[in-house]
Structure formats: structure tokens, C-alpha cells
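Heads up, the thing below is written out as C-alpha cells.
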Amino acid sequence: MKLFLSNADYLRNFEAFLRSFDPAKPSELSIATHKKWINVHPVVLSIVAALAHTVHPSKVTISDVTATSGHYLARMGLFESLGKKSPFKISEHESAGRFIPLTQIRTQKEQTNFITDMIPLLHMNPQQADAIKYMVGELVRNVLEHSRSKYGAFVAAQYYAKTNIVRLGICDTGIGIRQSINQSWPAKTHLKAIKLALTPGITGTTTREGGTEANAGAGLFFIKSMAMVARDYLVIYSGSGLYKLTKRKRTKGLPHLRINPNQDKHSETDKAPIFPGTVVGIDISLEKTNEFTALLAVIREAYTRAVKERRKQHYQQPRFI
Amino acid sequence: MTITIRKAAGTFAENKDVAREIRIKKIMPAIAKDREIILDFTDVTGATQSFIHALISDAIRQNRVKAFDLLLYKNCSPIVKEIITTVTEYMQES
């Protein structure tokens, strides 16, 4: 497998990053980096770490990091996660940045500890923290419950104080969304599976409306809705499928949430390089999430409407003669 | 019976295993005996929808009106209230 860490690996340019991803030879991982400047979204780092764990350490190579910003990779724990010695020294007295270095989460206990520890690390106030905790809680639990990955979830995050945005990346090398959803709902392609997973009330654990006692099929719909309301980017990549929520136009008040992911402003492909697992990358604008309760009320209305409409599809119809 | 959610699940309730345990060991047996249960969310700032679903959805699915009569939610933050309302609403539509 081959990857290139460029100077513009944001979610907006995620397709460009994917063009550098070659999944051939899955028993090897070769990482190249931009010579002058590296600027990567935490989700890219989570992808690198997740893939590296599927390969023998001796088969993981990273080119000499010559970019001055390569120091960032060390601070985010990339070399450590690759089992490599970092070419950069981090001073003990260096002030803590607003970031969460790459973290592997394999159990619920590790998830809980991570959520508790991450907010102080990001230097956020408690109000800002609710939305982030919510997203991490839902997305990491998805990995632990559905991915069947023995390596768990790889998570990284960075808070940008100037723009008041948190960039979050979560990746696993499990069975992928299509295999998970296909347990209960037919999805011929990886992209269709992603869209099913985004649909309220759809979970791979059952065909029953309202889900099981443990799963409602609501998690990704909530996350997508939060990104929609905040006009943020959201990327979901699994197998050959990629769904990217793009920025919608600014409107007054909270938007009307759509149940069908096809109707949201997005880009998509089912021809991405095959990724062995699932990737979720999201940018969360904290200004909007200050109204988290109001946001949840809008999501509630949309979710309940979706369940009601789907239930109606199964209503018996009267026979008129 | 009062169940202190903060004690079981911390100030941000996201541990579905804890929710499941409370449901199986406390909520369902209490409802079966027609006993009132108070879920005390004092000092719980937030919860995931998944946690609340794992906590109460099955009680509602299996017991309907009785679950609404016997389950009481105490000292909920606006976020927790909103999420509980979401789960109770969509479970009634299912």
C-alpha cells in the first residue's frame, strides 16, 4: 500500500489525498511526504496508523521527512504509531497544543477514558465539549460494535482556536460498512451501503423498525445532521465508496434536515481505491454547536419523521372495489 | 428505586455496556413488578442517543404505556432531556 502526505490534505481536498492511495500489496505500507510542507487533517493520520497496524512493522516505511512542519507528525504520535523512531525531538517544556495525538481505542473502557481526557487536552470549555464528546462517543462505539476490527479505532483530533473548529478523524480496518449493513439490508455497492448507514433507523443488526434493544440506526444520521447544521465537511469512506458532505449555503436559522442522504449537498463516488475498513472525518464548527440543544431538537424532528414515513410504507392499504 | 446515572456512567453518559446492564438488571425487573424507577441524571451534562436507546428503548418497546408511567427522569440537563425525548418519540413510531 502507498500513501502520500501532502501540503493540503483537508477534507475539502480528500479526493486528492485518495488519488495518492494505492491499496495494492496490502502486506506493505510505504508513506511518502511533501518535501517542503505537510498539512494533514487528523483523519489522514488515523488512516495511516490504522493501516500500519495491519502490516508487520518491518514492512512499514516512511520517507525522510524534510518538511519543517514534519514536526507536527511527531507531536501527533505518527512515528510512534508506526513503530518508528521519530526524527524530531519534542521538548518536554513545549507547551501543550490543542490536539489529541493518535490514540488506539479497543474497548469501551478505553473509549470512556479517551472522552474524559480529550477535552482538557483540546483546551475547550465545557459548553464546547458537549458536541465533540457526542461525536466521539457515537463514532468510536460504532467501530467497537460493528467493525469487528481486532485493532479497534484510531482517533486523532485538532482544535483550531482562530476558526473555532475541531478536526476529528476516526478510522478502523474492520469489515467495512457494506459487510456490516448487508447483514440485514441489501447493499450492492459500498456507496449504497454508506447511504443506508446514513439513513435514520437503518442498522445492520436488524431489519426491524426502531432497531434492536442496543441499536437504533441513528448514530451516523445524527452526526451527518450535526455537520449539515454547522455547514461543515463530513467524509465517510469505506471499501470503494466515498460520501462527502459539502458546505451548504448559509441560511437563516437551522436548516430543514433531509432524511435521504442523496438529497444533501454532497459529492460521492463508488470508484475510490478500496479501503479495508471505514474512515470518518469531520470538521466541527463550535460556534454552531453552542446551540447544541436546539440542534438536537431539529434532529429529533427529522429522525422521528423518517421512522414514521418508513413505517407508513408497510401499512396495509384498503381494497377499493 | 432511584438509579444515579452519574455514579454508573459518569458526567457524560456514553457507555452502552453500562446502559445495557442498568436496563437488564434494574429497569426491566422493576417494570415487570410494576415498580417506579427514577433515573437520576443529576450532574450528567450530556448523553449519546446510543446510550439512552440502550437504556430505555426495550422497556418502551415491550411495555409501552406502562414504561411511560413507571420511568421517571430526574434533574435532566437540556441536552439529556432532548435526547430522552428523541428516543421516546421514535420508539412510539416504531
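The values are calculated or read from the model by the stated rules, or taken from the named source; none is laboratory data. Being a predicted model, the structure only gives us computed values, none of them experimental. Using ideal geometry, Cβ is built from the backbone for each residue, glycine included, and neighbour counts are taken over all protein chains shown.
Within segment B:24-57, can you find the residues that are among the charged types (D, E, K, R) and buried (at least 22 other Cβ atoms within 10 Å of the Cβ)?
Let us first name the residues in segment B:24-57 that are among the charged types (D, E, K, R), namely B:25-26, B:33-36, B:40, B:43.
Scanning segment B:24-57 gives no hits.
So that you can scan it fast, the table gives a plain yes or no per residue for (1) in contact with a helix residue (DSSP H, G or I) (Cβ under 7 Å, 6 or more places away or on another chain); (2) farther than 20 Å from residue A:126 by Cβ:
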| position | (1), (2) |
| --- | --- |
| B:23 | yes, yes |
| B:69 | no, yes |
| B:77 | no, no |
| B:87 | yes, yes |
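Going by what's in this entry, would residue A:311 be described as more than 13 Å from chain B (Cβ to nearest Cβ), modelled with pLDDT under 90 and surrounded by fewer than 18 Cβ atoms within 10 Å (Cβ to Cβ)?
Values: more than 13 Å from chain B (Cβ to nearest Cβ): no; modelled with pLDDT under 90: yes; surrounded by fewer than 18 Cβ atoms within 10 Å (Cβ to Cβ): yes.
Considered against the rule, which asks whether it is more than 13 Å from chain B (Cβ to nearest Cβ), modelled with pLDDT under 90 and surrounded by fewer than 18 Cβ atoms within 10 Å (Cβ to Cβ), residue A:311 comes out as no.
With the structure loaded, tell me whether residue A:153 is of a type in the set (Gly, Ala, Ser), within 14 Å of another protein chain (Cβ to nearest Cβ) and touching a residue at least 12 places away in the same chain (Cβ under 8 Å) or whether it fails that test. Quick ask: steps written out before the conclusion?
Details: of a type in the set (Gly, Ala, Ser): yes; within 14 Å of another protein chain (Cβ to nearest Cβ): yes; touching a residue at least 12 places away in the same chain (Cβ under 8 Å): yes.
Yes; evaluated as a whole, the condition is true for this residue.
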Could you tell me how many of the residues in segment A:173-204 are within 14 Å of chain B (Cβ to nearest Cβ) and surrounded by fewer than 18 Cβ atoms within 10 Å (Cβ to Cβ)?
0
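Where residues in segment A:296-305 are surrounded by 24 or more Cβ atoms within 10 Å (Cβ to Cβ) and not hydroxyl-bearing (Ser, Thr, Tyr), which of them is nearest to residue A:225 (Cα to Cα)? So that I can check it myself, show each step before the final result.
Let us first name the residues in segment A:296-305 that are surrounded by 24 or more Cβ atoms within 10 Å (Cβ to Cβ), namely A:296, A:299, A:303.
In the following step, the residues that additionally are not hydroxyl-bearing (Ser, Thr, Tyr) were identified as A:296, A:299.
Numbers: A:296: 9, A:299: 7 Å.
Checking each candidate, the answer is A:299.
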For segment A:220-227, check the following and say yes or no: at least one residue is of a type in the set (A, V, I, L, M), away from chain B (no Cβ under 12 Å) and either surrounded by fewer than 23 Cβ atoms within 10 Å (Cβ to Cβ) or over 25 Å from residue B:55 (Cβ atoms) (or both).
yes
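Among B:55, B:72, which is outside any helix (DSSP H, G or I) and among the aliphatic types (A, V, I, L, M)?
Details: B:55 fails: outside any helix (DSSP H, G or I).
One residue alone meets the criteria, B:72.
Do the conditions hold for residue B:45, that is, is it more than 13 Å from the chain's Cα centre (by Cα), on the phi < 0 side of the Ramachandran plot and facing chain A (nearest Cβ under 7 Å)?
On the way: more than 13 Å from the chain's Cα centre (by Cα): yes; on the phi < 0 side of the Ramachandran plot: yes; facing chain A (nearest Cβ under 7 Å): yes.
So residue B:45 passes the test.
Looking only at segment B:76-87, count how many residues are surrounded by 19 or more Cβ atoms within 10 Å (Cβ to Cβ) and either of a type outside the set (A, V, I, L, M) or within 7 Å of chain A (Cβ to nearest Cβ) (or both).
5
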Of the conditions (1) in contact with a Leu (Cβ under 9 Å, 6 or more places away or on another chain); (2) not in a strand (DSSP E or B), residue A:242 fails just one. Which one is it?
(2)
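A quick yes/no check of all residues on (1) more than 18 Å from residue A:171 (Cα to Cα); (2) of a type in the set (S, T, N, Q); (3) part of a loop (DSSP other than H, G, I, E, B):
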residue	(1), (2), (3)
A:224	no, no, no
A:258	yes, no, yes
A:281	no, no, no
A:284	no, no, no
A:297	yes, no, no
A:300	yes, no, no
A:308	yes, no, no
Residue that is nearest to the other protein chains (Cβ to nearest Cβ) [pool: residues in segment A:117-126 that are assigned to a helix (DSSP H, G or I) and either hydrophobic (A, V, I, L, M, F, W, C) or touching a Pro at 6+ places or on another chain (Cβ under 6 Å) (or both)]:
A:119
Options B:38, B:31; residue that is at pLDDT 95 or above and assigned to a strand (DSSP E or B)
B:38
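Among the candidates A:244, A:249, A:265, single out the residue that is surrounded by fewer than 23 Cβ atoms within 10 Å (Cβ to Cβ) and at pLDDT below 90. Steps first, answer last, please.
Working: A:244 fails: at pLDDT below 90; A:265 fails: at pLDDT below 90.
The match here is A:249.
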Name the single residue, out of those in segment A:268-292 being among the small types (Gly, Ala, Ser) and either within 18 Å of residue B:82 (Cβ to Cβ) or modelled with pLDDT of 95 or more (or both), that is surrounded by the most Cβ atoms within 10 Å (Cβ to Cβ).
A:281
Considering only segment A:133-170, how many residues are within 14 Å of the chain's Cα centre (by Cα) and in a strand (DSSP E or B)?
11
